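The values are calculated or read from the model by the stated rules, or taken from the named source; none is laboratory data. Fair warning: this is a prediction, and the values are worked out from it, not measured in the lab. As a convention, Cβ positions derive from the backbone with ideal geometry for all residues, glycine included, and neighbour counts pool all protein chains shown.
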C-alpha cells in the first residue's frame, strides 16, 4: 500500500495591478470611479458619423490614434516607449503595455524577475480590427512589400503576448487566449494553475482591447448594444429597461505570484486567488443557455476548488452586460448556486466601464482585488427599476456599508463559454 | 524635365515626412519637382534620422557617405521602414534583392539615384 504523501498545494496571491480603462488610467483613478460610481462611458461621435443606431462607448481617455503610423499616437507622457517596441503594437497592445508597466512597478518586481524562466505571461486580446482593415487595404493598393513589415504582428489576436515577450524580455510561458468575452478570465485561471502546479512562480495576466469604430461596429451587427444615448441611463444591468451593452477597450494586468515567493521577496500582497472554474453551455454560438447552465457549473467548480461553501462568497462581480437574455441567465445561475437567500451581494461594474470583451475578465478580477483590499462593495449603476425576477438576489443598487472578504468574478463569452474565479482578502499579514 | 506637383501632392508629401529631419519634406518636394538627384543623400539622411533611436540622431547628423547604416544602431526592420519611406518619397520601387550588399549611405544613395533616374526616363 502506497504511503506517498503530496505537498500542500502552492498558494497564489496577487502582488500587482495595472489599469488603462474607461474609468481611469491609474489605480487611484479606478478606485475613485468605482467608489463614487463615476462612469467612463460617453457619447462617441464616430458612431453617429457611421450612421448606426448606437451612440455610446466606454472611451479610453488620454490616448489617441489619429493615424496608422504609431509615431502619431498620443499616450500619457509618463510612459516612455521606444519606437522599436511601438512599431509592432496596435492600440490594445499599447494599453496593455502601459497597464503592464503599472503592475510591474506596483509589484516592485526587479528586471531580473520580470525576465526570468519562471515568469510568464497569459494574455487575451481580440487583436486590432482597425489595423487589420487598414493594412489589408494598403497591401491590396500598394502591395504587401510596401506595407509595414510589422503589420501582421501588430494586428492579429496574439499581438499582446508577442509584444510583451519582446518588450519585457519574458522568458517563461507565454500564451494567448481566445474565448471571446471570457478570454482574459481563462488567462487568469490558466495562470493560477501554472503557479499551483509549480510550473511558474510569477505569471502576468493581461487583457486588452482596442476601442474604436472597428471594435464596436461588429457588435452593432449582433444587435447586442444599447441604443440609449445617456450613460446615466444605460447600460443598466439587472434593470427591466436594459437593452444591451456598451463596448469599451483598454488594458488590465494582474501579477499572480506563488505565496512563498512573494513572501521571500517582501512583496505587498493584495489578495489571494483561491480557485476558478469553467464550463460551456453546449447550447448556442451566441445566446446564453437561458438558465445559465454553464455559468452555474463554472461557479460550482470555482467554489469547489476554493474549498469554501457558497455561503462564504459575499460579493459577485457579475458578467452583467445589461443584455435582456444574458443578465437573466446569470441571475438564474446565481440563484441555483447560492439559493434563494439574500446574499452574496451582486453588482455589474460594466454599467460604468462598458464591456471590455477580451479585457473584461482581467479588468474585473482587478476590480475585485481593489474591493477586497480597499474594503468596499462596488455598486451596480443605473438601476431605477430592478427586474422583478431578480428581486430575491442582493443586487447592489446603492452604496452599502459592507466590505467583501471573498469575491467571485464571472465571465461568459460567445460559444457559451463561462469562467468563474474566486479571490479572498489577504489578512494573514 | 521639371515635373509639376499639385498643391495637394505637395501637402501630402510635407505631411507624410514631417517627422523627418528638418528640411527633408522640402528637399523631397524639390527633388520631385526638379529631378535634382544631388538631394538624395540628404533626403536619405533625413529619413534615417526619423527611425533611429533619439540618442543616435547626432551620429546621423555627422554621418558621411562612407558611414554604414548599421553603425547608427539600425536593425533590419528599421532599414525596411527607411526603404518604405524612401520609395514613397522618391516615387520609386526598390526590390529586396537590390539591397543585398548595400551598406553605406553612398551605396544606398547610388541605388536610389539609379532607380529614380530610370523611373524618370521611363515616364
Quiz prompt | Selected residue [on the phi < 0 side of the Ramachandran plot and under 25 Å from the mean Cα position of the chain (by Cα)] from A:56, A:37 | solution = A:56
Quiz prompt | Subset of segment B:72-92 (residues that are within 9 Å of chain A (Cβ to nearest Cβ), in contact (Cβ under 8 Å) with a residue 24 or more places away in the chain and surrounded by fewer than 18 Cβ atoms within 10 Å (Cβ to Cβ)) | solution = B:88
Quiz item: Among A:209, A:190, which is the only one that is under 17 Å from the mean Cα position of the chain (by Cα) and closer than 26 Å to residue A:38 by Cβ?
Solution: A:209
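Based on what the data block shows, is residue B:64 more than 22 Å from residue B:13 (Cα to Cα) and within 14 Å of another protein chain (Cβ to nearest Cβ)?
No; evaluated as a whole, the condition is false for this residue.
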Quiz item: So which of B:40, B:47 ends up being within 14 Å of chain A (Cβ to nearest Cβ) and crowded, with 20+ Cβ neighbours inside 10 Å?
Solution: B:47
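If I go through segment A:130-148 residue by residue, how many of them are away from chain B (no Cβ under 14 Å) and in contact (Cβ under 8 Å) with a residue 24 or more places away in the chain?
Of the residues in segment A:130-148, 5 are away from chain B (no Cβ under 14 Å) and in contact (Cβ under 8 Å) with a residue 24 or more places away in the chain.
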Quiz item: Listed residues A:357, A:370, A:325; which is surrounded by fewer than 24 Cβ atoms within 10 Å (Cβ to Cβ) and within 20 Å of the chain's Cα centre (by Cα)?
Solution: A:370
Quiz item: Given segment A:323-429, what helices (runs of 4 or more DSSP H) lie entirely inside it while holding 1 or more residues that are modelled with pLDDT of 95 or more, farther than 21 Å from residue A:271 by Cβ and out of contact with any strand residue (DSSP E or B) (no Cβ under 7 Å at 6 or more places or on another chain)?
Solution: A:324-338, A:350-353
Practice problem: Give segment A:60-99 a look and list any residue that's out of contact with any helix residue (DSSP H, G or I) (no Cβ under 8 Å at 6 or more places or on another chain), surrounded by fewer than 20 Cβ atoms within 10 Å (Cβ to Cβ) and away from chain B (no Cβ under 11 Å), or say none. | Solution: A:61, A:62, A:64, A:74, A:77, A:78
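Could you tell me which of the residues A:294, A:275 is touching a residue at least 12 places away in the same chain (Cβ under 8 Å), assigned to a strand (DSSP E or B) and crowded, with 21+ Cβ neighbours inside 10 Å?
Working: A:294 fails: assigned to a strand (DSSP E or B).
Being touching a residue at least 12 places away in the same chain (Cβ under 8 Å), assigned to a strand (DSSP E or B) and crowded, with 21+ Cβ neighbours inside 10 Å holds for just one of A:294, A:275, which is A:275.
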Exercise. Would you mind telling me which numbered condition in (1) within 14 Å of another protein chain (Cβ to nearest Cβ); (2) more than 21 Å from residue A:208 (Cα to Cα) residue A:151 fails?
Key: (2)
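Yes/no per residue for (1) surrounded by 22 or more Cβ atoms within 10 Å (Cβ to Cβ); (2) in a loop (DSSP other than H, G, I, E, B); (3) touching a helix residue (DSSP H, G or I) at 6+ places or on another chain (Cβ under 8 Å); (4) touching a residue at least 24 places away in the same chain (Cβ under 8 Å):
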| site | (1), (2), (3), (4) |
| --- | --- |
| A:206 | yes, no, yes, yes |
| A:215 | yes, no, yes, yes |
| A:218 | no, no, yes, yes |
| A:223 | no, yes, no, no |
| A:243 | no, yes, yes, yes |
| A:251 | yes, no, yes, yes |
Self-check item: Residue that is crowded, with 24+ Cβ neighbours inside 10 Å, in contact with a helix residue (DSSP H, G or I) (Cβ under 6 Å, 6 or more places away or on another chain) and farther than 16 Å from residue A:129 by Cβ, where the choices are A:179, A:174, A:184
Solution: A:184
Practice problem: Take residue B:16 and decide whether it is more than 12 Å from the chain's Cα centre (by Cα), under 26 Å from residue A:151 (Cα atoms) and within 12 Å of chain A (Cβ to nearest Cβ). | Solution: yes
Quiz item: Does any residue in segment B:30-41 that is on the phi > 0 side of the Ramachandran plot come within less than 7 Å, Cβ to Cβ, of a residue that is surrounded by 13 or more Cβ atoms within 10 Å (Cβ to Cβ) and not in a loop (DSSP other than H, G, I, E, B) six or more places away or on a different chain, and which pairs are these?
Solution: B:35/B:120
Self-check item: Checklist (1) more than 12 Å from the chain's Cα centre (by Cα); (2) surrounded by 15 or more Cβ atoms within 10 Å (Cβ to Cβ); (3) more than 14 Å from chain A (Cβ to nearest Cβ) applied to residue B:116, failing item
Solution: (1)
Quiz item: Out of (1) away from chain A (no Cβ under 11 Å); (2) modelled with pLDDT of 95 or more, the odd one out for residue B:69 is which?
Solution: (2)
Quiz prompt | Filter result (under 16 Å from residue A:349 (Cα atoms) and touching a helix residue (DSSP H, G or I) at 6+ places or on another chain (Cβ under 6 Å)) within segment A:225-235 | solution = A:235
